[in-house]
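To keep things clear, I will list the structure first and then write my remarks on it.
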Amino acid sequence: MWSNLFYRNPRLTALTLGLIIVAGWLAFTSLGRQEDPALTRRFATIITFLQGADALRMESLVSEPIEDALREVPEIKELNSESRAGVSLIRVELRDEVMVPDQIWSKVRNKLIEAEAILPPGTSKPDLQDRSSTAVTIVVGLAWDQEGPPQVDILTRLGEDLENRLLNVPGTREADIHGEAIEEVLVTLDAVAVSSLNLTTAEVANAIRLADSKVSAGLLRNATNDLSIEVVGELETVAQIGDLPIKQRPDGQIVRIRDIATVSKGTRDPPRSLALIRGKRGVMVAAEMEAGGRIDLWSARAMEVIEEFGEEVPRGIEMRIVFDQNIYTSARLGELGSNMLLGAGVVLGVLLITLGWKSALLVGMALPLSVLMVFIFFNIIGMPLHQTSMVGIIVSLGLLIDNAIVVVDDFNACRKAGASPGEAISETISHLFVPLFASTLTTALAFAPIFLAPGGAGEFVGPLAIGVIVAISSSFFLAMTVIPAVAGYVSSEDDGRDGRAPVWWRDGYVNRDLADLYRRSIRLILRVPVIGIAVAMVLPVIGFLMAGTLEEQFFPANDRDMFQVQLFMPPQASIEETRSMVEQIREELNAHESIVDSYWVVGDPAPRVFYSMTNSGEGNTAFAQAFVRTVSWEATLEDLPEIQNDIRNAFPNATILATPFEQGPPVDAPVEVRVVGPDLNVLREEGEKIRAIMHRTPGITYTIAKLAGGQPKLTVVPNEDEAKNAGLQAVDIARQLDATFEGAIGGSVVEATEELPVRVRIGDDDRSTVADIRSEYILPSQRGPITAGGMPGVPLTAIADIGLEPELAGITRRNGERTNTIQAFVVPFVLPAEALAGFRAELEKAGYAPPRGYRFEFGGDAEQRSEALGSFLAFAGPLLVIMAASIILSFNSFRYAGIVFAVAFLSVGLALWGVWLFGHPLGFVAIVGTMGLVGLAINGAIIVLSALRADDAARAGDAEAAEDVVVAASRHIISTTLTTIGGFLPLIMFGGRFWQPMATGIAGGVGGSAILALYFTPALFMIIARREARRDERKRSRAGFAPAE
């Protein structure tokens, strides 16, 4: 007989136990460790440069063609472009359903190659940077710590060396340098000397390039050999460039580069980006471990490499580890591991009190064995241990002993009834298999939408659901096989006697007075079911009523001793101006006692030290970002609102966002509004109206309109007649000005393994003011070779008008439509939903409506939340149908299944009551807790209903028989309730702001779920049973008086 197969085969039981223990332990030791789940890389940024193009030209000539090509990729969900002077940024987001993004990014790269062919000449190759969804694992800072100007080129080369070493560490995914210098050979021309020779900057650069023979000279081929031909003469040294002849004077004198220019090797100035490490110029080297690896082992190997490298670092260069993810991961997993052990201890303690020592140990076997089986499953599917998967195990602690309690209780009851161990096991498994399978299935289906939902939110909390489902499925397997077999092995003859005096440590604690009071209450609700229904509905009704008062939230902030700062300067700000502001902000931050220090990157995003860290300032000299260390996460929580207020007041002319690191998928801004339409002026005007309304909204600190005007531009308007008389076209003027002031590349010098470009431009003193532009001489392009006399140049002011005009700082588009995105940022730790509600009220008060032909959309936190819930509910519907079908088939009755459905609905109210009781917002994690409570409440209802239907007298409407059945099932329901609360206690006490809403939603409502199982369910059952009994009685009466044939 299969029901006691394991009991009849002790070797099978021992083999199963040994396999679970050994395989589980081996899986645990090999599982990856990381702090947070790795999200699918669905985001990328495409950067394209076109020197000299304004925002309008960048939009029409670069951004729009690339967008048109990318829209042919069906897997792309959203395209957001920002066209600024000289640069196009296109942010690509793939659809939530994409789980293997590498293939899609390959498609995108192919489309970029196609688009590259139609981009205007001089446009750089579109650079696709797919953004990592995980935090970097370690960041090492190298800072200049000696007198004199910092030698960033030396720091850069050291950083590149360290980058290569970290890339060679097994398990490294990627490494990158932040704030590195771009080395080059600079040829600084004497403007007067060059003009006297009638030469342009571009012509000088071209002469140098022609002297650099780093080009192929072909092959000499014959029947026996292929010989490569090399023209010797490549540029190798700085002195060699200075000796190059540039022109011959009429008197035969050769003019060389050194006669009209200074040649030097250095770094590009101004730099594209720079890094500040504790206020000192330096570089940061960031390395990221492969997802799924063991961060503790990788970090140990990386630290050996870093320490070895540190011994080789020259004196005067300070090396420090500015971020180590392993510290946070070890602390997080250690804390969750302690919580799991504490929860397991509480559960075992509750079992000891409620069941007695032997039953407690039998039931308690399900805890370690189920957890080991979860580790085995995690190892098979490659899921690492992180906070979400660990919390899934903690959540399941109170749930996975449910089946074991029922089985052990029923086994003991059968033994007391006189059955042998084998018979007791057979009888227990035979009549409990279906209801326990149904209850396990319904709980699994309740959690299934959480991991089936696509997108970042589902991926983040999905491992929790997987852990719960695998744990309860494992507990069902154990409850049907190993646990009853072991119960039979350890059962003694005394267990079969029903006359022993009860002892709490053997039989479980029972308070007779409370037991009698409880029995009388059950008797009352069975006689007057309406009372039981009314009592059970009190807490759910309160929960539904209070739901309207709960603040909405997507994901809460992380409890971390860090936060981020983003600085937005006026669009025309130079990188030095931005750096100056950064140094002032750093001083203001350091004035707070809770601040340890800050680490900045100017002109580019800082290293992603938290997975949801926003990175939106690529290639923007008016942008800077920092991660700031505090003394503790409590200090971050307490002081960050004050810090934000202080720096806002201290620097009113800049936008400075001090924000905590948020859990969940990244969101650009908490509150976001989009105005969509064709006309840029109208979009800008509407954006300013909305910003004004936002500024009146409480809780909002800064607003940013992506479509903003006012950036000054120096315009050169050629006089066509005068320019033509001088032999010039508009393009000639533009190219000469670009080469003169920005520089022209003329060949390169190879130094060791580095190829340094040779840049030719005039000196800083001749290219920094408007007067320098006005005094510039323009030479016609059509002249003889550089050795000829040529034509004299003409002053720029003689052929063009020069002036300052405002222009658009940038043009933003979303999915091919011009869009002005207005973002609002809130006081740290203020709920975005609260600020959004205030903004909506102000919007309604102002009577705002977009013009005809324009539309108004909400984005930000609210949009992300609605999309996540939409994905969640899309899977919840079909799974609810499957759940309903399983319950109906289990009971073979729509009426009894209706009782379970009513319990499921009321349990939602219980979860809302639990969240409201503890004062938490209704966030995505709280909704996860709601689903968990639904599964738990359904379990209790199914167990009680199954027991009542199994009793013929109770099914006939006998209140006394039903009373005995409910009281007999109460120990299981109460034990499960107490163990669930006990399992969640560590998360309630130490789970932080992220997991507490879920824990309180389940634990706070689990007491009410016991009331639903023990009062609501029997009351409804009794109503249905009595109606069926009366109906059967009427049928028998009609049959008894029927006339005989």
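Pairing each residue of the stretch 462-489 that is farther than 10 Å from Val408 by Cα with any residue that is crowded, with 24+ Cβ neighbours inside 10 Å and of a type in the set (Asp, Glu), provided the two are 6+ apart or on different chains, yields C-beta distances under 8 Å for Ile472/Asp402; Ser475/Asp402.
Inspection of the stretch 145-152 finds a residue satisfying the criterion of being touching a strand residue (DSSP E or B) at 6+ places or on another chain (Cβ under 8 Å), closer than 20 Å to Thr753 by Cα and part of a loop (DSSP other than H, G, I, E, B). Of everything in the stretch 126-144 that is modelled with pLDDT under 90, part of a loop (DSSP other than H, G, I, E, B) and touching a Ser or Thr at 6+ places or on another chain (Cβ under 7 Å), the residue that is surrounded by the fewest Cβ atoms within 10 Å (Cβ to Cβ) is Arg131.
Close contacts from the stretch 1029-1045, counting a first residue that is closer than 19 Å to Asp958 by Cβ and a second that is assigned to a loop (DSSP other than H, G, I, E, B) and modelled with pLDDT of 70 or more, with Cβ to Cβ under 6 Å and a gap of 6+ residues or different chains, come to Ala1029/Ala956; Ala1029/Gly957. The residues of the stretch 627-642 that are in contact (Cβ under 8 Å) with a residue 60 or more places away in the chain and in a helix (DSSP H, G or I), listed by number, are Trp633, Ala635, Thr636, Leu637, Leu640, Pro641.
The set of residues in the stretch 727-747 that are crowded, with 20+ Cβ neighbours inside 10 Å and of a type in the set (Gly, Ala, Ser) comprises Ala739, Gly743, Ala744, Gly746, Gly747. Just so you know, in the stretch 592-601 the residues that are touching a helix residue (DSSP H, G or I) at 6+ places or on another chain (Cβ under 9 Å), not hydrophobic (A, V, I, L, M, F, W, C) and not in a loop (DSSP other than H, G, I, E, B) include one that is surrounded by the fewest Cβ atoms within 10 Å (Cβ to Cβ), and it is Asp597. Among residues of the stretch 227-240 that are more than 15 Å from Ile257 (Cα to Cα), those with a beta-carbon under 6 Å from a residue that is of a type in the set (Lys, Arg) and surrounded by 11 or more Cβ atoms within 10 Å (Cβ to Cβ) at least six positions away or on a different chain give the pairs Glu234/Lys214. Restricting Arg33, Arg11 to residues that are of a type outside the set (A, V, I, L, M), without any contact (Cβ under 8 Å) to a residue 24 or more places away in the chain and on the phi < 0 side of the Ramachandran plot narrows the list to Arg11. Note on the stretch 114-169: residues that are farther than 26 Å from Ser81 by Cα and not aliphatic (A, V, I, L, M) total 20.
Considering only residues in the stretch 602-626 that are hydrophobic (A, V, I, L, M, F, W, C) and either at pLDDT below 85 or in a loop (DSSP other than H, G, I, E, B) (or both), the one that is nearest to Ile656 (Cα to Cα) turns out to be Ala622. Taken residue by residue, the stretch 216-224 has no member that is touching a helix residue (DSSP H, G or I) at 6+ places or on another chain (Cβ under 8 Å) and outside the structural domain of Leu589 (by TED's automatic domain parsing).
Here the condition is being touching a strand residue (DSSP E or B) at 6+ places or on another chain (Cβ under 8 Å) and assigned to a strand (DSSP E or B); of Ala833, Ala824, it holds for Ala824 alone. For the stretch 400-425, the candidate set comprises residues that are polar (S, T, N, Q) and closer than 20 Å to Glu493 by Cβ; within that set, the residue that is surrounded by the fewest Cβ atoms within 10 Å (Cβ to Cβ) is Ser420. Exactly one residue out of Ser871, Ser890, Ser907 is in a helix (DSSP H, G or I), touching an Asp or Glu at 6+ places or on another chain (Cβ under 7 Å) and of a type in the set (S, T, N, Q): that is Ser871. If we keep just the residues of the stretch 602-637 that are over 25 Å from Val92 (Cα atoms) and of a type in the set (Val, Ile, Thr), which is surrounded by the fewest Cβ atoms within 10 Å (Cβ to Cβ)? Looking at residues that are over 25 Å from Val92 (Cα atoms) and of a type in the set (Val, Ile, Thr), I get Val631. Being touching a Gly at 6+ places or on another chain (Cβ under 6 Å) and either at pLDDT 90 or above or more than 30 Å from Glu751 (Cα to Cα) (or both) is the requirement here; does Glu75 meet it? Taking the combined requirement at face value, the residue does not satisfy it. Please work out which residue is surrounded by the most Cβ atoms within 10 Å (Cβ to Cβ), limiting yourself to the stretch 838-875 and to residues that are over 25 Å from the mean Cα position of the chain (by Cα) and within 27 Å of Gln663 (Cα to Cα). Taking the candidates together, the pick is Phe839.
Among the residues that make up the stretch 260-276, is at least one of them in a helix (DSSP H, G or I), at pLDDT 85 or above and either surrounded by 12 or more Cβ atoms within 10 Å (Cβ to Cβ) or of a type outside the set (D, E, K, R) (or both)? Checked the stretch 260-276: at least one residue is in a helix (DSSP H, G or I), at pLDDT 85 or above and either surrounded by 12 or more Cβ atoms within 10 Å (Cβ to Cβ) or of a type outside the set (D, E, K, R) (or both).
Here Phe6 passes the criteria (1) assigned by TED's automatic domain parsing to the domain that holds Met383; (2) free of Cβ contacts under 8 Å to residues at least 24 places away in the same chain except the one numbered (2).
Conditions tested, residue by residue: (1) hydroxyl-bearing (Ser, Thr, Tyr); (2) in contact (Cβ under 8 Å) with a residue 12 or more places away in the chain; (3) surrounded by 13 or more Cβ atoms within 10 Å (Cβ to Cβ).
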{"position": "Gln248", "(1), (2), (3)": "no, yes, yes"}
{"position": "Asp251", "(1), (2), (3)": "no, no, no"}
{"position": "Ala300", "(1), (2), (3)": "no, no, no"}
{"position": "Ser338", "(1), (2), (3)": "yes, yes, no"}
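Could you go through the stretch 42-56 and let me know if any residue there is assigned to a strand (DSSP E or B) and among the small types (Gly, Ala, Ser). Yes; the residues of the stretch 42-56 include at least one that is assigned to a strand (DSSP E or B) and among the small types (Gly, Ala, Ser). For the stretch 672-705, the set of residues classified as surrounded by 21 or more Cβ atoms within 10 Å (Cβ to Cβ), of a type in the set (Gly, Ala, Ser) and farther than 21 Å from Thr659 by Cβ consists of Gly687 only.
Considered as a group, the residues in the stretch 319-336 that are in contact (Cβ under 8 Å) with a residue 60 or more places away in the chain and surrounded by fewer than 16 Cβ atoms within 10 Å (Cβ to Cβ) include one that is nearest to Ile154 (Cα to Cα), and that residue is Arg320. With respect to being farther than 17 Å from Ala287 by Cβ and part of a strand (DSSP E or B), Glu184 fits the description. Candidates are the residues of the stretch 561-591 that are within 20 Å of Ala143 (Cβ to Cβ) and without any contact (Cβ under 8 Å) to a residue 60 or more places away in the chain; the one that is surrounded by the fewest Cβ atoms within 10 Å (Cβ to Cβ) is Glu587.
Taken as a whole, the structure leaves Ile811 outside the set of residues that are surrounded by fewer than 20 Cβ atoms within 10 Å (Cβ to Cβ), among the β-branched types (Val, Ile, Thr) and not in a helix (DSSP H, G or I). Within the stretch 277-298, the set of residues being buried (at least 19 other Cβ atoms within 10 Å of the Cβ) and in contact with a helix residue (DSSP H, G or I) (Cβ under 7 Å, 6 or more places away or on another chain) comprises Arg281, Gly282, Val283, Val285, Ala287, Met289, Ile295.
The values are calculated or read from the model by the stated rules, or taken from the named source; none is laboratory data. Computed from a prediction, not measured in an experiment: that's the story for all the values here. Positions of Cβ are generated from backbone atoms using ideal geometry, with glycine treated the same way; all protein chains shown enter the neighbour counts.
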